[in-house]
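The values are calculated or read from the model by the stated rules, or taken from the named source; none is laboratory data. Quick caveat, the model's predicted, so the values are computed rather than measured. Quick reminder, even Gly has a Cβ in these numbers, built from the backbone with ideal geometry, and neighbours come from all protein chains shown. Note: areas computed on protein heavy atoms with side chains; ligands, DNA, RNA excluded. Shrake-Rupley method; radii C 1.70, N 1.55, O 1.52, S 1.80 Å.
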Amino acid sequence: MKKSLLTTLALWLCTLHPTPAQQPADTLQLSAPEGTRPKVGLVLSGGGARGAAHVGAIRLIEELQIPIDYVVGTSMGAIVGALYAIGYTADDMDSLFMTQDWRVLLSNDVPRQLQPYSQRMARRRYQVNIPYEKSALADRSAHYRDAGIKVRRSSLQTFPKVLARPGLIDGQNLQNVFAQLTYPYHDSLSYERLPHAFACVAADLVTGKEVVLKQGRLAESIRASMSIPGVFYPVYQGAQVLVDGGVVNNYPVNVARDMGADIIIGVELNSGITAASDLQSFAAIFERLIGTLGTELHERNVADTDILIIPQVKRFPVMGFDTLNLHQLIDIGYRTALQSRPQLDSLRQLLAVYEAPRCAPPTEPTAPHPVLVEQIIVKGYDRTALLALLQRYGISEGDSLSIETIGAAIERIYGMGTFSSVQYQLVAGTLFVEVKPNPSDQVALGLRIDSEEAAAALLNISIDPLKLSGAKFDLTTRLAVNPYVEARASYAWTGPQAHMAVSYWGSDVNRFYDDNSYTLRYNLYGADIALADLLSRDYDLRAGLRYDHYDVHKLVRDQALNFIDTENHESYLALYTALHNDKYDAAYLPTRGYAYGIGVAYNLCHKSSEGDHFGEIQAHASTVIPIAHTTALLPALYTRHLIGSHIPLIYSNAMGGYLPHRYLRQQYPFAGFVGSEFMDAHLVIARMELRQRLLADLYAAAIINYAYSTPDIATPTDYQSIWGAALKLTYDTTIGPLALCTHWSDRYHQMGFYFSLGFEF
């Protein structure tokens, strides 16, 4: 009876609706031994984001309960195939596709909120960051993760950071996700032992040949199979340099046959002729170039498929990982598989008479409960220092931890920038952590042009800035109308850091529109000693002693403002403490998050007998309130209060323009006029911005703000108040926002204009 069933199955497969994959009756071969169930292989091709269609096809296979013995894939097919092989259902993978932050996964960054505060601030100031080594014996093959021009959203939308890098994206974020998703299969093992036997295909750049990955570390294998040359770093395994298997075999039916598959169900995403009109972009040409490699093998594999599912997905971009595209792709995969429903139904019925599949029921793909970490083994760095760092993020020997907790800690450590790679495995209670340090020194450059200062550049040279502990040095200079230089030395422990800095700030404060205008030119020479990162590096909590010496060159004072003028040369000593944090998801144009800061200082003039003492309290807070998919409100509040009877003008409250601290250290932004305005001793500014995204990177915003200041809170009738408003159009470019603004205030009753391109500093 079983022999006749096999014959019937062969005849049935030959009478399916004609496709390139269907085989004539006299050529179909079923190699299953007499009396055994034919083995079914599922083959998934590469295709980038289009690979979401695989999930839809698998959903129908699950609904029909067709037993799958072998799963083979290339690139995105390897990712989906591996997850299916270890027990993820189509619904699981659907959820994973929709909830991943693909913008972060396809870049070298971690979510901004997980970076140390100092890194968040540095990355909003510098477009270019180039590491270097002091030693002539430095490893020239080191992978410099943060070198070169910053990348926004998708690394495919810009050019390589440095040509010496083996790819645009180092793949750390993908590797971290793969490690979490493939637990508990972290140990080196044969993929035959998975719930569904699995293999994936990579290409070895050394030999140019196909490499079939059937054993090893599962996360590393699928990472190798999807490493598009030039886009992702290759995976280095001994003498092999592994890249995307699509280079040699994008649809590996032959691999499934070699594993023992008698019947092939294949999902192929790249069949069909590409029209000349479709080859109009770099991405399309690159994709087609890869597709032309191994054409002969590809045609044989397509012809050797028994049930071929070809979703029509060519209109979707290979890197189109937005949720709308992914949802449509999964649906297309399911609907296309439904077209093969008769064949799949017949296959299910014919296989139902045999015994259950050889594979055991899938195990839980992720750890349902915390795992006891009995031991931590460190490779690539000082063990004591790295253990202290792991402990800071909640990972210690003897703790019971979930794989998600471990993954989040690894993500934070990678986000510090200290390491170019942070890999981990959790095997039988032992956590293996392997890191590769970044170069110890770096040069950073920030650029900005605007209608107020013309052009400005910020240059930073630092020595050992990313070390976990020990001495660090850096020199920062701003070349602009208001130049700035700071030299800083610091010493870091595993927790706080001690800072000592000397600085020079030259400023030319110009007030506009008023007939009684004044100019204020001054030089500020300062020194600062402080303890920073007192509780955590996630925010900046510091306390210290600051020395300021002001050299005022020219001052013509508006007599309507009742301020006590400072002398031409004056020195002040301040004891201060401050707390700042910024949890926005983006340095510019955030969609969620918040920022806040508070500072308290007591200032003492060196002529203390004359009573020139005063205190200051300042604070700010802002957030993003989404009100629609492309619309958001951004409220903000700024306040500063000076306490004392003799307040030097140079310390007085100030506001104006679009950049904080532009002319004076204490200057708050105020949309309505440029330059800087001195205000009374107690100042509050409320601001509301309504922002609308018009296109992918184009935003329009309406801003209204109100400033209230008074010399004495006890006499509120004596006050100044100013309304200001602005309309702003912003385009998010790789080198920073391009902004065009027009503004008005009831202070001058004149329309103004402002233009800027670049980062703020």
Problem - Matching entry among LEU174, LEU242 (being under 23 Å from TYR70 (Cβ atoms) and crowded, with 17+ Cβ neighbours inside 10 Å) - result: LEU242
Problem - Selection within segment 379-420 - β-branched (Val, Ile, Thr) and open to solvent by less than 40 Å² (accessible area, probe 1.4 Å) - result: ILE395, ILE403, ILE406, ILE410, ILE413, THR418
Exercise for the section: Could you grab me the full set of residues in segment 400-426 that are in a strand (DSSP E or B), more than 19 Å from SER188 (Cα to Cα), over 16 Å from the mean Cα position of the chain (by Cα) and of a type in the set (A, V, I, L, M, F, W, C)? Expected result: LEU401
Practice task
Quickly run through segment 658-695 and pick out the residues that are farther than 23 Å from ASP548 by Cα and among the aliphatic types (A, V, I, L, M).
Solution key: ALA671, VAL674, VAL684, ILE685, ALA686, MET688, LEU690, LEU694, LEU695
Handout entry: Contacts under 6 angstrom Cβ, first residue in segment 536-550 being under 24 Å from GLN115 (Cβ atoms) and at pLDDT 95 or above, partner open to solvent by less than 40 Å² (accessible area, probe 1.4 Å) and among the small types (Gly, Ala, Ser), 6 or more apart
Key = ARG542/ALA530; ARG542/ALA532; ARG542/ALA578; GLY544/ALA530
Practice task
Please name all residue pairs, on different chains or six or more residues apart, with Cβ atoms under 7 Å, provided the first residue is in segment 675-703 and is under 30 Å from ILE647 (Cα atoms) and the second residue is aromatic (Phe, Trp, Tyr) and outside any strand (DSSP E or B).
Solution key: GLY675/PHE512; SER676/TYR663; PHE678/PHE563
Handout entry: Long-range neighbours under 8 Å by Cβ, at least six apart or interchain, first residue under 12 Å from MET98 (Cβ atoms) within segment 324-339, second open to solvent by 20 Å² or more (accessible area, probe 1.4 Å) and outside any helix (DSSP H, G or I)
Key = ASN325/PRO317
Practice task
Would you check if ILE685 is farther than 24 Å from ALA628 by Cα, open to solvent by less than 50 Å² (accessible area, probe 1.4 Å) and at pLDDT 95 or above?
Solution key: yes
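Listed here are the residues, each with its yes/no results for (1) in a loop (DSSP other than H, G, I, E, B); (2) open to solvent by 10 Å² or more (accessible area, probe 1.4 Å).
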site: TYR638; (1), (2): no, yes
site: ARG665; (1), (2): yes, yes
site: LEU690; (1), (2): no, yes
site: ILE703; (1), (2): no, no
site: ASP718; (1), (2): yes, yes
Practice task
Evaluate the following for LEU738: is it among the aliphatic types (A, V, I, L, M), over 22 Å from ALA455 (Cβ atoms), open to solvent by 50 Å² or more (accessible area, probe 1.4 Å) and not in a loop (DSSP other than H, G, I, E, B)?
Solution key: no
Completion exercise
Counting only residues in segment 177-212 that are in contact (Cβ under 8 Å) with a residue 40 or more places away in the chain and β-branched (Val, Ile, Thr), the one most open to solvent (accessible area, probe 1.4 Å) is identified as VAL212
Exercise for the section: Could you identify the single residue in GLY446, GLY470 that is open to solvent by less than 30 Å² (accessible area, probe 1.4 Å) and under 18 Å from HIS499 (Cα atoms)? Expected result: GLY470
Exercise for the section: Return yes when VAL201 is at pLDDT 95 or above, touching a Pro at 6+ places or on another chain (Cβ under 7 Å) and more than 23 Å from SER107 (Cα to Cα) and no when it is not. Expected result: yes
Problem - Only listed residue being of a type in the set (S, T, N, Q), farther than 19 Å from HIS620 by Cβ and open to solvent by less than 30 Å² (accessible area, probe 1.4 Å), chosen from SER756, SER676, SER652, SER709 - result: SER756
Exercise for the section: Identify, from the list SER440, SER451, SER469, SER503, the residue that is in contact (Cβ under 8 Å) with a residue 24 or more places away in the chain and under 22 Å from LEU545 (Cα atoms). Expected result: SER503
Handout entry: Enumeration of residues in segment 225-247 that are among the hydroxyl-bearing types (Ser, Thr, Tyr) and in a helix (DSSP H, G or I)
Key = SER225
Practice task
Those residues that are among the small types (Gly, Ala, Ser) and more than 17 Å from VAL552 (Cα to Cα), I need them from segment 636-653; list them, please.
Solution key: ALA636, GLY644, SER645
Handout entry: Restricting segment 640-649 to residues that are open to solvent by 30 Å² or more (accessible area, probe 1.4 Å) and in contact with a strand residue (DSSP E or B) (Cβ under 7 Å, 6 or more places away or on another chain), the residue that is nearest to GLU677 (Cα to Cα)
Key = HIS641
Practice task
Collect the residues in segment 707-743 that are in contact with a Cys (Cβ under 7 Å, 6 or more places away or on another chain) and farther than 24 Å from GLU760 by Cβ, keeping them in residue-number order.
Solution key: none
Problem - segment 570-587 - residue that is open to solvent by 30 Å² or more (accessible area, probe 1.4 Å) and under 11 Å from TYR539 (Cα atoms) and, of those, farthest from the chain's Cα centre (by Cα) - result: LEU579
Handout entry: Breaking point among (1) at pLDDT below 90; (2) under 37 Å from the mean Cα position of the chain (by Cα), for LEU351
Key = (2)
Handout entry: Every pair of residues 6+ apart whose Cβ atoms lie under 7 Å, when the first sits in segment 108-119 and is under 16 Å from ASP170 (Cβ atoms) and open to solvent by 40 Å² or more (accessible area, probe 1.4 Å) while the second is at pLDDT 90 or above and not small (Gly, Ala, Ser)
Key = none
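The rows are residues; the columns are (1) over 20 Å from ILE228 (Cα atoms); (2) in contact with a strand residue (DSSP E or B) (Cβ under 7 Å, 6 or more places away or on another chain); (3) small (Gly, Ala, Ser); (4) buried (at least 19 other Cβ atoms within 10 Å of the Cβ).
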| site | (1), (2), (3), (4) |
| --- | --- |
| HIS298 | no, no, no, yes |
| ASN301 | yes, no, no, yes |
| VAL318 | no, no, no, yes |
| LEU324 | yes, no, no, no |
| GLN328 | yes, no, no, no |
| ASP331 | yes, no, no, no |
| ARG335 | yes, no, no, no |
| PRO342 | yes, no, no, no |
| SER346 | yes, no, yes, no |
Fill in the blank from the handout: GLU452: passes all of (1) out of contact with any His (no Cβ under 6 Å at 6 or more places or on another chain); (2) buried (at least 17 other Cβ atoms within 10 Å of the Cβ); (3) over 24 Å from MET679 (Cα atoms) but (3)
Practice task
Would you mention how many residues in segment 200-238 are over 15 Å from GLY73 (Cα atoms) and in contact with a His (Cβ under 8 Å, 6 or more places away or on another chain)?
Solution key: 2
